[in-house]
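Structure first, then comments.
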Amino acid sequence: IGARRAYHEKVIDHYERPRNVGSLPKTDTDVGTGLVGAPACGDVMKLQIRVDPTSNKISDVKFKTFGCGSAIASSSYLTELVRGMTLEDAGKIRNTQIAKELCLPPVKLHCSMLAEDAIKSAIRDYQNKNPGRKPTLGPDA
Ligand code: FES
Ligand code: FES
């Protein structure tokens, strides 16, 4: 077991081949943008979703993460997870689910929290832009 094993292989895979890196046009009305920071370390994550208004499902998703390997892996995995999901389901994703999939150690839990915050923030942004659609997150979400 070498130093490389400090990170789980799934983290390394997502870190070396991150999925869905990029940006969507922020001003499109069907695009929601989430931009969040981790107070613990100052890392920043931008996550964008495009939503199909008829099905309320996420049709496209992109991210950019300025942060550690676990944050990049968490956002990369998250983009794979939410593609095709309804906003309702995507809003229910918990960081513990991401941390479990990637086998993140406790000290890296906040990196997966960044991903949970980012998808919630993107959903909120989409809903603010499309106020006619029924809210899918609670008032305190
Ligand atoms: Fe430095 Fe996250 S604390 S990259
Ligand atoms: Fe801060 Fe990973 S160390 S997001």
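The values are calculated or read from the model by the stated rules, or taken from the named source; none is laboratory data. Given the structure is predicted, the values throughout are model-derived calculations rather than measurements. Note that we place each Cβ from the backbone using ideal geometry, even for glycine, and neighbour counts take in every protein chain shown.
Observations, loosely collected:
- Flag for R50 being touching a strand residue (DSSP E or B) at 6+ places or on another chain (Cβ under 7 Å) and closer than 19 Å to R17 by Cβ: no
- Of everything in the stretch 66-104 that is within 10 Å of the chain's Cα centre (by Cα) and of a type in the set (S, T, Y), the residue that is farthest from V11 (Cα to Cα) is T79.
- Top-ranked residue in the stretch 32-55 [being among the small types (G, A, S) and more than 10 Å from ligand 2 (Cβ to nearest atom); ranked as farthest from K108 (Cα to Cα)]: S55
- Residues that are within 13 Å of ligand 2 (Cβ to nearest atom) and free of Cβ contacts under 8 Å to residues at least 40 places away in the same chain, drawn from the stretch 66-83: F66
- Some residue of the stretch 75-96 being acidic (D, E) and modelled with pLDDT under 95: no
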